[in-house]
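Q: To start, I am sharing the structure in question, which I have written as structure tokens.
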Amino acid sequence: MEGEAESDSRGRTMRYLSGLSLLKQGAEARVYRGRFLGKAAVVKERFPKAYRHRALDNKLTHRRTVQEVRSILRCRKAGISAPVVYFVDYVSNCIYLEDIEQSTTVRDYILSIQQHENVDGLYSLAKKIGEVLAQMHDEDVIHGDLTTSNMLLRSPFEDLSLVMIDFGLSFISALPEDKGVDLYVLEKAFLSTHPNTEEIFKALLKSYSSSSKKSGPVVKKLDEVRMRGRKRSMLG
């Protein structure tokens, strides 16, 4: 009976998702846009991986879904802006989230500013990002995939109302090493996506350092991670 109920639940979910618009598909999940209980929503579906043993795949996928939801809720409880979680289906590993309408990614916002060659305004944005990341790390939330594509700005963009999204690789950790790696991932992504923004990223780190209660050991670990990264590059 339990197997039949699970199968029926999966079937209903698949029928519902088939009526939504597919936004993107990655190696781990598909993201859809549509309506849920009358509200604009995005649905993140962690689909089964055929190359893994079924029991192991179910366990790993369930764990990642739990971690993602836990990180979002922890951020929201701390006052960090992240999408509202409407519903979680642990049978099909789908997370139903608020769709941040009339928003833009920080990536697109920075590119737009750079096109107009008015980069002075980006220092205020860098300060805001540093403050939000400091708050997130002080709550021991490790994002795991910090890029400017995983941050949104609500309209009007000039208000710099930042929303953190895509916690699919997130986890909870108090270790400075994990927080340092988180910042290193952002630094690599930031400078490769937005050339000639080294000074802006320095402003981001300065804001992070002054805003976080635990920044000292984290920045020290960031320097160590950078050194390891340079050594790997030299060795090829």
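The values are calculated or read from the model by the stated rules, or taken from the named source; none is laboratory data. Everything quoted here is computed from the prediction, not taken from an experiment. Don't worry about glycine lacking a Cβ; one is built from the backbone with ideal geometry, like all the others, and counts go over all protein chains shown. Note: accessible area is taken over every heavy atom of the protein model, side chains too, but ligands, DNA and RNA are not part of it. Shrake-Rupley method; radii C 1.70, N 1.55, O 1.52, S 1.80 Å.
Listed here are the residues, each with its yes/no results for (1) modelled with pLDDT of 95 or more; (2) open to solvent by 70 Å² or more (accessible area, probe 1.4 Å).
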| position | (1), (2) |
| --- | --- |
| MET14 | no, yes |
| GLY19 | no, no |
| LEU22 | yes, yes |
| GLY26 | no, no |
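Q: If the requirement is being part of a strand (DSSP E or B), open to solvent by less than 50 Å² (accessible area, probe 1.4 Å) and under 20 Å from LEU205 (Cα atoms), which of these qualifies: VAL132, VAL163? Lay out the reasoning, then the answer.
A: Details: VAL132 fails: part of a strand (DSSP E or B).
Within the list VAL132, VAL163, the selection yields VAL163.
Q: Let me ask something else. For LEU56, state whether it is in a helix (DSSP H, G or I), of a type in the set (A, V, I, L, M) and either modelled with pLDDT of 95 or more or in contact with a Ser or Thr (Cβ under 8 Å, 6 or more places away or on another chain) (or both).
A: Numbers: in a helix (DSSP H, G or I): yes; of a type in the set (A, V, I, L, M): yes; either modelled with pLDDT of 95 or more or in contact with a Ser or Thr (Cβ under 8 Å, 6 or more places away or on another chain) (or both): no.
Judged against the criteria, LEU56 is not a match.
Q: Being closer than 28 Å to VAL85 by Cα, over 19 Å from the mean Cα position of the chain (by Cα) and among the acidic types (Asp, Glu) is the requirement here; does ASP159 meet it? Show your work before the answer.
A: On the way: closer than 28 Å to VAL85 by Cα: yes; over 19 Å from the mean Cα position of the chain (by Cα): yes; among the acidic types (Asp, Glu): yes.
Considered against the rule, which asks whether it is closer than 28 Å to VAL85 by Cα, over 19 Å from the mean Cα position of the chain (by Cα) and among the acidic types (Asp, Glu), ASP159 comes out as yes.
Q: Pick out the one residue from ILE200, ILE113 that is touching a helix residue (DSSP H, G or I) at 6+ places or on another chain (Cβ under 8 Å) and modelled with pLDDT under 95. Write out each step before concluding.
A: On the way: ILE200 fails: modelled with pLDDT under 95.
From the options ILE200, ILE113, the qualifying one is ILE113.
Q: Examine segment 170-183 for a residue that is aromatic (Phe, Trp, Tyr) and not in a helix (DSSP H, G or I), and state whether such a residue exists.
A: yes
Q: Give segment 177-208 a look and list any residue that's within 19 Å of GLN135 (Cα to Cα), of a type outside the set (Val, Ile, Thr) and without any contact (Cβ under 8 Å) to a residue 60 or more places away in the chain, or say none. First the steps, then the outcome.
A: Filtering segment 177-208 down to residues within 19 Å of GLN135 (Cα to Cα) leaves 177-187, 201-208.
Applying the additional criterion that residues be of a type outside the set (Val, Ile, Thr) yields 177-180, 182-184, 186-187, 201-208.
Selection gives GLU177, ASP178, LYS179, GLY180, ASP182, LEU183, TYR184, LEU186, GLU187, LYS202.
Q: Take the residues in segment 33-45 that are modelled with pLDDT of 95 or more and either in contact with a helix residue (DSSP H, G or I) (Cβ under 6 Å, 6 or more places away or on another chain) or of a type in the set (A, V, I, L, M) (or both), then tell me which one is surrounded by the fewest Cβ atoms within 10 Å (Cβ to Cβ).
A: For segment 33-45, the residue satisfying everything is ALA40.
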